[in-house]
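Asks: My structure is below; once you've seen it, I'll send some questions.
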Amino acid sequence: MITRVRFGPSPTGYLHIGSARTALFNYLYARHTGGKFLLRIEDTDLARSTEESTRSILDGLAWLELDHDEEIVFQSDNADKHRATAKKLLAEGKAYRDFTPKAAPSDANVKDAIKDRARAAQGEKNMRDNLYRDLSAAESDERAAAGEPFAIRLKVAETGKTSFEDAVYGIQERDYAETEDLVLLRSDGHPLYNLAVVCDDIEMAITHVIRGQDHITNTHKQVLIYEALGVTPPTFAHLPLIMAPNKGKLSKRKHGEVVSMTTYRDAGFLAAAFRNFLALLGWSAGEEKEIYSLDELVQKFSLDGIHRSNAVFNFTENDPRKWTDDKAQWMNAEYIRTVPVADLLPFVKAELKSAKLWREEYEPEGRALTETISSTADAGADERPAGVAIDTPEHGSYDWLVQTINLIRQRFFTLKDFSMQGRAYFSEDYDFDPAAIEKNLSKFPDLKSWLPELADRFEAEFPDEEVDALQKPTREQGRNLQFTEENIEIVVKAFTEEKGTKLGVIMNGARTLLTGVAVGPSML
RNA sequence: GUCCGGUUCGUCUAGGGGUUAGGACACCGCCCUUUCACGGCGGCAACACGGGUUCAAAUCCCGUACCGGAUACCA
């Protein structure tokens, strides 16, 4: 039997980090088993569902590259089928009409009202004391025909228990006494969540339901519906929850943008890095390894590796450095500097484009950015074999771009850094960091004349260096120097001694003047 | 309240009868670097508590505490 899983977000907000992880686990399980990953928008609560939210969720999934199979199912489209199912259960005597007038929804805090009510009941409540539970079919039909409004409730047996074997939490049991005669169809005719989910899961032939642990109680109710329908329930796998640093609920209300997937996209995170981070929140392959490609995740993912305890998503409000989880930040930086340039290039391009720093020359005709890049260009880092003349591709060329990225990405954390910290590499129009100026320029007033002087010196020592670097005589033989790291060092050191200053002063001053920031590749 | 679940360094976690309780992030130090990072090396730091079972318990059982979830004509 082919595995079929579904991710069923309700479109009442953006893609939350917890939902994103649920989606990821569903995706990984489907791909691991060679099954299907389906998407179902659970929009039965039309009062709260918005199209904007649906779009935002779809955007988030697209960003994470969790492509779904088959058509997206909108639960609201199936309302008629849900109603038909409720009526069938009614006809079979497995459900009944409840003519109790609908309670006015408490306006303030629904959740609190429910908790208060539950506390007040102190567990003394008899879940089967509904007046209409045993109304004769004839009388029920009659009242309905007379136009009296009613909800349809499932008739839960007096004694017994629901049970299912959760792939993560093991055998789960719940006495019927704990479960109310749940409402299937509202008095206004709208199908409710549990009914809708069961109907759709059956119709979509879902084999594994992977969702948050907060649904365990719903699962018991859904098992009841499956039983009433005479359908074997799918396998359930409940996931531990992702908590806020205080181990409380992670919510938009309280924690703001840190919980939204779009925040990470906009902050310059690589989807691959964030996916990797998310995968390790509540799941482990049982090995000492942190970096996993999507393929590896797919290959190693299993329901057995899912934890039973909640995980804390760690961040510190009001600390810009720790605005989100340290490990997520580290992982992103790790990806930025180690991923093959070819994989990084498209993202850098997008970033530069949005910052209006992109030039068409970077991408020569007929050569896609993702194309394999020459091995020399891929050599990463600022390290270069000693004694080899520095090959400086034409500024603005494709090769120049690749080398530049390799040079600067070593100290970057997000894609944003390419247009912020690294702006000077792509444009003459960049800002100066006041702290960097203070630290590296203002303190040494002499730099004002030294730096231009050094520039002249370079020009004199390395004339025309881009044209024919390798042909040039070395210093021993004549005037001009080969443009190598060693020779640059000779020139700069000589200059430094001449001025009676330290190398660091010159290097740092030059970097700050040239790039506007204090951080950057070495001059030598 | 009731039902369900959980508890290993600050955080993510490995380990599930005998381990110096391992790794990662964060933090601190040293090295590398005449910058900042990267990197390398090292340090700090954990089995919630109490009872059992056992030659032996972080690991199995029970209880307590604490944390979380659920308890709608929301999803």
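Asks: Sort through A:Val156, A:Val168 and tell me the only one that's within 30 Å of A:Trp283 (Cα to Cα), modelled with pLDDT of 95 or more and not acidic (Asp, Glu).
Replies: Exactly one of A:Val156, A:Val168 is within 30 Å of A:Trp283 (Cα to Cα), modelled with pLDDT of 95 or more and not acidic (Asp, Glu), namely A:Val168.
Asks: For A:Ala84, only one of the following conditions fails: (1) farther than 30 Å from A:Thr263 by Cβ; (2) aliphatic (A, V, I, L, M); (3) within 15 Å of RNA strand B (Cβ to nearest atom). What is its number?
Replies: (3)
Asks: Quick check, is A:Ala157 within 13 Å of RNA strand B (Cβ to nearest atom), more than 25 Å from the chain's Cα centre (by Cα) and aliphatic (A, V, I, L, M)?
Replies: no
Asks: Say whether the condition of being in a helix (DSSP H, G or I), under 29 Å from A:Ser419 (Cβ atoms) and at pLDDT 70 or above is met by at least one residue in the stretch A:461-484.
Replies: No.
Asks: Exactly one condition in (1) buried (at least 18 other Cβ atoms within 10 Å of the Cβ); (2) within 18 Å of A:Trp450 (Cβ to Cβ) is not met by A:Gly504; state its number.
Replies: (1)
Asks: So, one more: Suppose the filter is buried (at least 21 other Cβ atoms within 10 Å of the Cβ) and at pLDDT 95 or above; does A:Leu38 pass it?
Replies: The answer is yes for A:Leu38.
Asks: Being more than 6 Å from RNA strand B (Cβ to nearest atom) and buried (at least 18 other Cβ atoms within 10 Å of the Cβ) is the filter here; which residues of the stretch A:177-189 pass it?
Replies: A:Thr179, A:Asp181, A:Leu182, A:Leu184, A:Leu185
Asks: Separate question: One residue is enough: does the stretch A:46-68 have a residue meeting the conditions in contact with a helix residue (DSSP H, G or I) (Cβ under 7 Å, 6 or more places away or on another chain), of a type outside the set (A, V, I, L, M, F, W, C) and outside any helix (DSSP H, G or I)?
Replies: Within the stretch A:46-68 (the criterion being in contact with a helix residue (DSSP H, G or I) (Cβ under 7 Å, 6 or more places away or on another chain), of a type outside the set (A, V, I, L, M, F, W, C) and outside any helix (DSSP H, G or I)), the answer is yes, since at least one residue qualifies.
Asks: Now, a different point. Inspect all residues belonging to the stretch A:92-104 and state whether any of them is within 30 Å of A:Arg133 (Cβ to Cβ), in a helix (DSSP H, G or I), at pLDDT below 95 and within 12 Å of RNA strand B (Cβ to nearest atom).
Replies: No.
Asks: Could you grab me the full set of residues in the stretch A:136-193 that are acidic (Asp, Glu) and outside any loop (DSSP other than H, G, I, E, B)?
Replies: A:Glu139, A:Asp141, A:Glu142, A:Glu165, A:Asp166, A:Glu173, A:Asp175, A:Glu178 - these are the residues of the stretch A:136-193 that are acidic (Asp, Glu) and outside any loop (DSSP other than H, G, I, E, B).
Asks: Shifting gears a bit: Search the stretch A:1-38 for residues being assigned to a loop (DSSP other than H, G, I, E, B) and hydrophobic (A, V, I, L, M, F, W, C), and hand back the single one that is farthest from A:Gly305 (Cα to Cα).
Replies: A:Leu15
Asks: Restricting attention to the stretch A:1-14, which residues are modelled with pLDDT of 95 or more, surrounded by 19 or more Cβ atoms within 10 Å (Cβ to Cβ) and touching a Gly at 6+ places or on another chain (Cβ under 7 Å)?
Replies: A:Arg4, A:Val5, listed by residue number.
Asks: To continue, here is another question. Right, A:Lys221: surrounded by 18 or more Cβ atoms within 10 Å (Cβ to Cβ) and charged (D, E, K, R) or not?
Replies: Yes, satisfied.
Asks: Would you check if A:Val197 is modelled with pLDDT of 95 or more, in a helix (DSSP H, G or I), more than 30 Å from A:Ile291 (Cβ to Cβ) and touching a Ser or Thr at 6+ places or on another chain (Cβ under 7 Å)?
Replies: Against the criterion (modelled with pLDDT of 95 or more, in a helix (DSSP H, G or I), more than 30 Å from A:Ile291 (Cβ to Cβ) and touching a Ser or Thr at 6+ places or on another chain (Cβ under 7 Å)), A:Val197 does not qualify.
Asks: Could you list, in sequence order, the residues of the stretch A:202-228 that are of a type in the set (D, E, K, R) and more than 13 Å from RNA strand B (Cβ to nearest atom)?
Replies: Within the stretch A:202-228, A:Glu203, A:Glu227 qualify.
Asks: Looking at the stretch A:275-299, which of its residues are touching a residue at least 24 places away in the same chain (Cβ under 8 Å) and closer than 20 Å to A:Phe236 by Cα?
Replies: A:Ala279, A:Leu281, A:Gly282, A:Trp283, A:Val298
The values are calculated or read from the model by the stated rules, or taken from the named source; none is laboratory data. None of the values given here were measured: they were computed from a predicted structure. In this analysis, Cβ positions are derived from the backbone assuming ideal geometry, glycine residues included, and neighbour counts consider all displayed protein chains.
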